[in-house]
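As structure tokens, the structure follows; a few thoughts come after it.
What follows is calculated from the coordinates using simple rules that are stated; it is not laboratory data. This one's a predicted model, so the numbers in the text were calculated from it and none came from an experiment. Cβ sites come from the backbone with ideal geometry, for glycine too, and all protein chains shown count toward neighbours.
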Amino acid sequence: MDALNKLTEYFREFPGIGPRQARRFAYFLLTKSPSFADELARLVVEIKKNMRVCDSCFRFYAGKSGTLCNICSNTERKHAELMVVARDVDLESIEKSSTYNGVYFVLGGTVPILEKSPETRIRSRELLKRVGEDSKTGGGKKVPKEIILSLSATPEGEHTEEILRSLLKPVAEKNGIKITVLGRGLSTGAELEYSDADTIKNALKNRA
């Protein structure tokens, strides 16, 4: 396989990118100057080298020191509110809406409806530890008062929500934690990543 075809195959690994678009990306790079390609390659290496995963919420963040991101380490945030999202891009969309001042937990994805091992798709064990279920930590991190399940209004998002409700029910009842979901601001089939600020604001306001 030559370099062009191999690069096309790499682009196809990107979410939402089909074979035609992947090919267009590869040809686009051929039209750019060598300095553009060099800078792109440098940034790919740099982002892998300098980005860290927060020990608390599991989001990616830029930093070389400490174990918590700027959101989790911010004492002015409402740590009693924990919002569970599927991916970093969902977290970013909510942050841009400026309607939420709590903290987050990033699942790392959603669970396909026919998946037989959901724990391999999302950070379910880590989430339980985060809300104080793990006996070894003794609830070392502050147990939240409310967990907001903020998932896309898609079949996979709703399926993941059901799994999380069942998973969190024992620890929620034990610690008096309220579990809520986004309200009707999100229409059926809507991806949280592409929702505008007003939609997210209404979904948060009407959560139940």
**Report entry** Relative contact order, percent, the chain [alpha-carbon distance under 8 Å, six or more residues apart]
**Finding:** 16
Query raised in the report: Which residues in region 78-100 have a backbone N closer than 19 Å to a point placed 7 Å from the Cα of E115 along the Cα-to-Cβ line?
Result: 83-91
Query - Net lengthening on full extension, E146/T99 (0.36 nm per residue, minus Cα-Cα) - result: 15.3 nm
Report task. For I179, enumerate residues with amide H under 5 Å from its amide H, sequence gap 5+ or separate chain, H modeled in the peptide plane. Result -> I147
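If you count, for each residue, the other Cβ atoms within 10 Å and average over each peptide, how do 73-80, 7-14, 102-109, 44-51 line up from highest to lowest?
102-109, 7-14, 73-80, 44-51
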Report task. Go ahead and set up a Gaussian network model of the chain, Cα springs under 10 Å, then flag whichever of I113, I71, I122 fluctuates most. Result -> I113
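Report the rotationally averaged projected area of the chain based on its alpha-carbon convex hull, in square nanometres. All intermediate terms of the calculation are to be shown ahead of the outcome.
Values: hull surface 57.8 nm².
The number I arrive at for the chain is 14.5 nm².
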Report summary line: Which of K174/K201; K6/K116; K6/K32; K129/K169; K48/K129 exceed 22 Å between C-alpha atoms? The answer is K174/K201; K6/K116; K48/K129
Report summary line: Listed residues E126, E158, E173; largest mean-square fluctuation, Gaussian network over the chain with Cα springs below 10 Å, found at E173
